[in-house]
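Worksheet for the structure shown next.
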Amino acid sequence: MPAMRPRDADSRGPERSPDAQPVIRLHEMTAVILCGGMGTRLREETEFKPKPMVEIGGRPILWHIMKHYAHFGVRNFVLCLGYRGDVIRDYFLNYQVRNCDFAVDLRTGGIETLSNGIAEDWRVVLAETGQDTLTGSRLRRVLPYLRGNSFFATYGDGLSDVDLDALLAHHRRSGRAATVTAVHPSSRYGELSIHGGLVKSFHEKPQVTEGWINGGFMVFEHRAFDGLGPTDNVALETGVLEALARQGELAVYQHDGFWQSMDTYREMCLLNELWANGEAPWRIWERRRLSA
């Protein structure tokens, strides 16, 4: 599915210049991923691991999200850990040996790498933000780890083919403190097109064409969190985004392409089916490699 151009969605007023800070390029930015939730609606998979570690096509959904950002040149990541964060720590501490052939000398404990395997050019900060900390305060706690004044942020359970270059350009044109990506939610039911008493077309669980929701893939300036103190514990949506909207500081980038969250077992199966059939729209890094 080709990436869609953004609509002129920010109609709150004239464009404003971004904060008077050095503008860093996209590949120098950091992507913060919220990884601390318990994923109670996906209890079949999250009893012993956090939801971002639930696998799609044999890889954690977290890996898919990071590959999407890396496709656009982002290599710096901060993961906000909470529920069962050690599972994520272990995954990245052992990332190299998980993806290469190696020999272990059982007498000395030495490890000999036999093949290079997959070497991602990523710098990953694993930040403990507390099991009971809400999303807005998780982001505030990791601000000291971020480079520059602007950063990406998203949830650890949603996939999309959103164009991050266009998203960042839209955010900078708006001059607002934050930009959210608006997406069409997917339907729980099949959609019928009826004419003359007959079903002319049937689409199983399509994305609806009306209505918008926050799909993650956000851009923030540090000042978006100026209203939060070190002891506050607030959700991102109600404690940060609602306030920014009231202040006219929340821009929106409307994405008409693919987006799918993974809140339920059914949605996990849908994403795995798309991957297995070679129909995963978010697999943009692979499409570029195959077409080269």
Could you give me the ³J(HN,Hα) list for segment 249-262, computed from phi with Karplus coefficients 6.51, -1.76, 1.60 and θ = phi - 60°, whole Hz, x at Gly and Pro?
10, 10, 8, 9, 10, 8, 10, 8, x, 6, 7, 8, 8, 10
Cα centroid separation, segment 23-58 to segment 214-292 (Å):
11 Å
Residue-span extension gain [residue 108 to residue 247] - 0.36 nm each, minus C-alpha spacing
43.8 nm
Got a sec to turn the phi values of segment 270-280 into Karplus ³J(HN,Hα) couplings, 6.51 cos²θ - 1.76 cosθ + 1.60 with θ = phi - 60°, whole Hz, x for Gly and Pro?
4, 5, 5, 5, 4, 5, 5, 8, x, 10, 7
Treat each spin label as a single point 7 Å out from the Cα along the C-beta direction, and report the residue 40 to residue 235 distance in nm.
1.2 nm
Going residue by residue through segment 110-116, the Karplus relation 6.51 cos²θ - 1.76 cosθ + 1.60 with θ = phi - 60° gives ³J(HN,Hα) values, rounded to whole Hz and with x marking Gly or Pro, of x, 10, 10, 7, 9, 8, 5
If you restrict to DSSP beta bridges whose two residues both lie in segment 77-193, what percentage is antiparallel, to the nearest 5?
40 percent
How far apart, in nm, are the 7 Å Cα→Cβ label points at residue 277 and residue 28?
4.4 nm
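Since every read-out is calculated from the coordinates, none of them should be taken as a lab result. Computed from a predicted model, the values in this text were never measured in an experiment. Every residue, glycine among them, receives a Cβ derived from its backbone with ideal geometry; neighbour counts consider all protein chains shown.
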